[in-house]
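Visitor: Quick one: structure below, then a few questions.
The values are calculated or read from the model by the stated rules, or taken from the named source; none is laboratory data. Note that the structure is predicted; figures quoted are calculated from it, not measured. Please note: Cβ atoms are built from the backbone with ideal geometry, for glycine as well, and neighbour counts cover all protein chains shown. All accessible areas refer to the heavy atoms of the entire protein, side chains included, with ligands and DNA or RNA removed. Shrake-Rupley method; radii C 1.70, N 1.55, O 1.52, S 1.80 Å.
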Amino acid sequence: MNKTLYPDKPKCHCGVFGIYGSINASLHTYYGLHALQHRGQEACGIVTKSLNGKSHSVFNIHKGEGLVSEVFGDSKILQSELPGSSAIGHNRYSTTGSSQSRKNIQPFVVNYRLGNLAVAHNGNITNAKELREELINEGAIFQTTSDTEVILHLIARSRLNNQVEQIKEALTKLEGAYCLTILTDGKLIAARDQYGFRPLSIAKLNNAFVVASETCAFDIIQAKFIREVNPGEIVIIDDEAFETGKIKSERINGIVLPEKHCVFEYIYFSRPDSFIFGHNVDKMRRRLGKVLAKKYPVIDKDGHKVIVISVPDSSNTAALGYQNQLDKMGIKSKLEIGLIRSHYIGRTFIQPGQEKREIGVRIKFNIVRGVLEGRTIVLVDDSIVRGTTSKQLVNLIKEANPKEIHLRISSPPIMHPCYYGMDFPSREELVANRCNGSIEQIKDYLEVDSLEYLNIDEMLEAVSEIGTDNFCTACFSGIYPTKVDSSFKKEIYEL
Ligand code: SF4
């Protein structure tokens, strides 16, 4: 699913992949990135390590702007340009304008005192600005505007004499969200920040080890899932061993740091066929729909069946859960396909600017009149960002003359920015903010018969084990799990 085609959804910054010990390392990475395409569509890249002679290693790189199928469209690239038995890959999404900078396309590669190093990063380093300023004052020269380059400089400037120790030392200085795959001359290294904001898992493919943002990247190459990389864990893979360690103490002032997984991964981002944060995404998304139905059911005023439809594809699973629960509650209902999504739009219409977004919605969706006409419709969506797409969809549905339209959202209103690797528009553009958090005002703006969102407790009831508090909800609550520099602006790093 090409998520840039959803003009009114937040964007995830990246997806990462790594493999060690496969004769088809670049091909497997290509397939892995293909499965992770939803995590970033602006650019992608693969770095492999091969041997020149018996022991001299060479890092090979190919990257470019566009989808994986476009950047690696010529299969000869994998064979001739990317030989080797280990590789890392990266899919990138970037904010408008930043995609113009080819230099920011990952993986980044450097050659320094202790050899070669390539890094691919998913997340956002919240203290990157301070670290960058410190490094510049010490004489570092930056090639890109990406926070990921800060990690490379920290490693390369370390005075330690062991590469793994250098990497560990660099990671202790980072704050915020990161899932990393790092390739060195002899190792594949994976690391995840202490809060575990973004998902990262490990699998085996025959004798090779594989690391990826989501398990759907394992399925495509038939790798066998082993486990998730734990929050705060570093995993080091080479010919001899699979080692694991802690990046830094889990305690601050004696208090154990809680895990803070991004709840939006369950709501919208991750693919429903992935397993992340200990659960299947599909199951969590159904549960969100189920709680939504329990709290906010819709009944047809004339005793007919209500028609439950999703905004395809991202809300399909939540709509299933919603209708299933209505059924269990004895409310007459039917799950229908009321909106048809075109799969053949291409990338040309994805342009900034209100007018083009609105045209985009009509190009992208059409209504099934026979399903909607004269019926009470429940439109289930996973989130509302600007509200422009929702308004357009409601207007489209109205063209079929339904009896009523009720909108149900399987997450709370988005009120705040994300500093951990998800890109929302500015506060001023968020419809919930424009309406001062008033659901009534949003309902009036969207011109629906009723509108309900899950509140934060209801959302957590759906996705959490009872008594746990291991999710970040900052974009809904404004409560950030880490210190955030108030002057932080992602544009500084994403020019
Ligand atoms: S702020 Fe929202 S999108 Fe960002 S990590 Fe937290 S829950 Fe996820």
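Visitor: Placing +1 on the Cβ of each Lys and Arg and -1 on the Cβ of each Asp and Glu in the chain, which of GLN41, TYR112, VAL306 has its Cα farthest towards the positive end of the resulting dipole?
Guide: So the residue furthest toward the plus end is VAL306.
Visitor: Something else: Step by step: find N for the stretch 375-485, compute 2.2 N^0.38 Å, then divide the Cα radius of gyration by it. What's the final number?
Guide: 1.16
Visitor: Let me ask something else about it. Please give the contour-minus-distance gain from ILE61 to GLU134: 0.36 nm per residue of separation, less the Cα-Cα distance, rounded to one decimal in nm. It would help to have the intermediate numbers written out before the result.
Guide: Details: separation 73, 0.36 × 73 = 26.28 nm, distance 2.94 nm.
Taking 0.36 nm per residue and subtracting the Cα distance, the gain is 23.3 nm.
Visitor: Of all DSSP beta bridges located in the chain, what percent are antiparallel, nearest 5? Could the numbers behind the result be given before it?
Guide: Values: 74 of 93 bridges.
Antiparallel: roughly 80 percent of the beta bridges in the chain.
Visitor: Which residues in the stretch 258-296 place their backbone N less than 19 Å from a point set 7 Å from the Cα of ILE337 along the Cα-to-Cβ direction?
Guide: 272-273
Visitor: Please list 3J(HN,Hα) in residue order for the stretch 103-109, calculated via the Karplus relation 6.51 cos²θ - 1.76 cosθ + 1.60 where θ = phi - 60°; whole Hz, with x for glycine and proline.
Guide: With coefficients 6.51, -1.76 and 1.60, one gets 4, 7, 6, 9, x, 8, 10 Hz.
Visitor: Two decimals is fine: what is log10 I(q)/I(0) at q = 0.19 Å⁻¹ for the stretch 125-172, from a Debye sum with one equal scatterer on every Cα and no solvent?
Guide: Listed by q, the Debye log ratios stand at -0.56.
Visitor: Would you list the P(r) distribution for the chain, with all Cα-Cα distances sorted into 10 Å bins from 0 and each bin expressed as a whole %?
Guide: Once binned at 10 Å, the Cα pair distances of the chain give 4, 20, 30, 25, 14, 6, 1, 0.
Visitor: Can I ask one more? Please express the Cα-Cα pair-distance distribution P(r) of the stretch 63-214 as a list of whole percents, one per 10 Å bin, running from 0 to the bin with the greatest distance.
Guide: 10, 38, 39, 13, 1
Visitor: Would you rank TYR268, TYR344 by solvent-accessible area, highest first, keeping every protein chain in place and using a 1.4 Å probe?
Guide: Working: TYR268 0, TYR344 200 Å².
Of TYR268, TYR344, the descending order of accessible area is TYR344, TYR268.
Visitor: So what does the Cα-only Debye profile of the stretch 196-242 read at q = 0.13, 0.25, 0.30 Å⁻¹, as log10 I(q)/I(0), no solvent term?
Guide: With one equal scatterer per Cα and no solvent, log10 I(q)/I(0) is -0.28, -0.93, -1.16.
Visitor: While we're looking at this one, here's another question. Given a Förster distance of 45 angstrom, what is the FRET efficiency for THR145 paired with HIS279, based on the Cβ-Cβ distance and rounded to 0.05?
Guide: E between THR145 and HIS279, to the nearest 0.05, is 0.80.
Visitor: Could I ask something else about it? Suppose R0 equals 51 Å; then what is the FRET efficiency for ILE299 and LYS54 from their Cβ-Cβ distance, rounded to the nearest 0.05?
Guide: Working: r = 74 Å, r/R0 = 1.46.
Efficiency at R0 = 51 Å is approximately 0.10.
Visitor: Residues of the stretch 206-234 with amide nitrogen under 15 Å from the 7 Å Cα-to-Cβ point of ASN162?
Guide: 234
Visitor: Sticking with this one: Which far-off residues, 5 or more places away or on another chain, put their amide H under 5 Å from the one on HIS90, with H placed in the peptide plane?
Guide: GLY45
Visitor: Would you work out what percent of the accessible area of the chain, with all protein chains in place, is carbon or sulfur (probe 1.4 Å)?
Guide: Percent of accessible area from carbon and sulfur atoms in the chain: 48.
Visitor: Just reorder HIS62, HIS261 by solvent-accessible area, largest first, 1.4 Å probe, all chains present. Walk me through the numbers on the way to the answer.
Guide: On the way: HIS62 40, HIS261 10 Å².
Descending order: HIS62, HIS261.
Visitor: Take every Cα pair under 8 Å in the chain that's 6+ residues apart, average their separations, divide by the length, and report that relative contact order as a whole percent. Working shown, then result.
Guide: Working: 1131 pairs, mean separation 70.2, N = 495.
Over the chain, the number comes to 14 percent.
Visitor: Continuing with the same structure: Roughly how many Å² is the accessible area per residue of the chain, as a whole number, for a 1.4 Å probe?
Guide: On the way: 19890 Å² over 495 residues.
With the other protein chains kept in place, the chain gives 40 Å² per residue.
Visitor: Also, I was wondering about something else. What ranking of HIS34, HIS56 comes out by heavy-atom accessible area, probe 1.4 Å, highest first? Please report the intermediate quantities before stating the final value.
Guide: On the way: HIS34 85, HIS56 110 Å².
In descending accessible area the options line up as HIS56, HIS34.
Visitor: Once amide H atoms are built 1.01 Å from N in the peptide plane, which residues 5 or more positions from THR376, or in another chain, come under 5 Å H to H?
Guide: Under 5 Å from the amide H of THR376: ILE307, LYS403, GLU404.
Visitor: Taking amide H atoms as placed 1.01 Å from N in the peptide plane, list the residues 5 or more away in sequence, or in a different chain, whose amide H sits under 5 Å from that of ASN116.
Guide: Residues meeting the criterion, in which the H sits 1.01 Å from N, are ASP185.
Visitor: With θ set to phi - 60° and the Karplus curve 6.51 cos²θ - 1.76 cosθ + 1.60, what are the ³J(HN,Hα) couplings of the stretch 422-435 in order, to the nearest whole Hz, using x for Gly and Pro?
Guide: 10, 10, 9, x, 4, 3, 4, 7, 5, 5, 5, 6, 4, 9
Visitor: Excluding ligands and nucleic acids, what accessible area in Å² is computed for ASP449 using a 1.4 Å probe, to the nearest 10?
Guide: Using a 1.4 Å probe on the heavy atoms, I get roughly 80 Å².
Visitor: Can you compute the radius of gyration and Dmax for the stretch 256-317, using only the Cα atoms, both in Å?
Guide: Radius of gyration, then largest Cα-Cα span, for the stretch 256-317: 15.0, 55 Å.
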